[in-house]
């Protein structure tokens, strides 16, 4: 019996690898090695230059992908020393408020605060003009900011692709 299980295990691993290859899902690790997230294909990588309110330059690393009628984005930044990160919830609220300006009606329809792998996090969903919606998970752990964004038709906020994307986040 043990011998049959030993033979069956490699077959299961091969089948799982083939299934993953067919769907195109990849584990994407950011250039700073701060997180891994599954995306349904190879994303486009961009460096986005920005500054703090005090004028200190820093960058966001952004990974974006259009997949069928769905959009996936993962971003990270290491905040410079002049950003006060002692109150993570306040920092994340600023990010939520900024993004809400782009939502239909200017506010999120659902906001859920929680802990994700030891980091203060917030997940929010809000409507976008034209029947789409945005689902966003942002977290702050020390000076590390990570954000996952998912844009899709409003009825697809809990689609299997969305659930896999958000559940796959692993801080490293």
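Scanning segment 62-84 for residues that are in a loop (DSSP other than H, G, I, E, B) and closer than 25 Å to residue 28 by Cα yields a total of 4.
Can you pull out every residue in segment 33-61 that is in a loop (DSSP other than H, G, I, E, B) and over 15 Å from the mean Cα position of the chain (by Cα)? Scanning segment 33-61 gives 52, 53, 54, 55, 56. In this structure, does residue 140 turn out to be assigned to a strand (DSSP E or B), modelled with pLDDT of 95 or more, touching a helix residue (DSSP H, G or I) at 6+ places or on another chain (Cβ under 8 Å) and buried (at least 17 other Cβ atoms within 10 Å of the Cβ)? Considered against the rule, which asks whether it is assigned to a strand (DSSP E or B), modelled with pLDDT of 95 or more, touching a helix residue (DSSP H, G or I) at 6+ places or on another chain (Cβ under 8 Å) and buried (at least 17 other Cβ atoms within 10 Å of the Cβ), residue 140 comes out as yes.
Residue 55 meets each of the listed conditions (1) in contact with a helix residue (DSSP H, G or I) (Cβ under 8 Å, 6 or more places away or on another chain); (2) surrounded by fewer than 16 Cβ atoms within 10 Å (Cβ to Cβ) apart from (1).
In this structure, does residue 97 turn out to be over 26 Å from residue 53 (Cβ atoms) and modelled with pLDDT of 95 or more? The answer is no for residue 97.
Number of residues in segment 69-78 that are touching a helix residue (DSSP H, G or I) at 6+ places or on another chain (Cβ under 8 Å) and either farther than 16 Å from residue 38 by Cβ or surrounded by fewer than 16 Cβ atoms within 10 Å (Cβ to Cβ) (or both): the value is 1.
Would you mind stating whether residue 62 is touching a strand residue (DSSP E or B) at 6+ places or on another chain (Cβ under 9 Å) and at pLDDT 90 or above? Answer is yes for this residue.
Among the residues of segment 85-132, those that are farther than 25 Å from residue 35 by Cα, in a loop (DSSP other than H, G, I, E, B) and either free of Cβ contacts under 8 Å to residues at least 12 places away in the same chain or in contact with a helix residue (DSSP H, G or I) (Cβ under 8 Å, 6 or more places away or on another chain) (or both) comprise 101, 107, 108, 129, 130, 131.
The values are calculated or read from the model by the stated rules, or taken from the named source; none is laboratory data. Computed from a predicted model, the values in this text were never measured in an experiment. Reconstructed Cβ throughout: ideal geometry from the backbone, glycine too, with neighbour counts over all protein chains shown.
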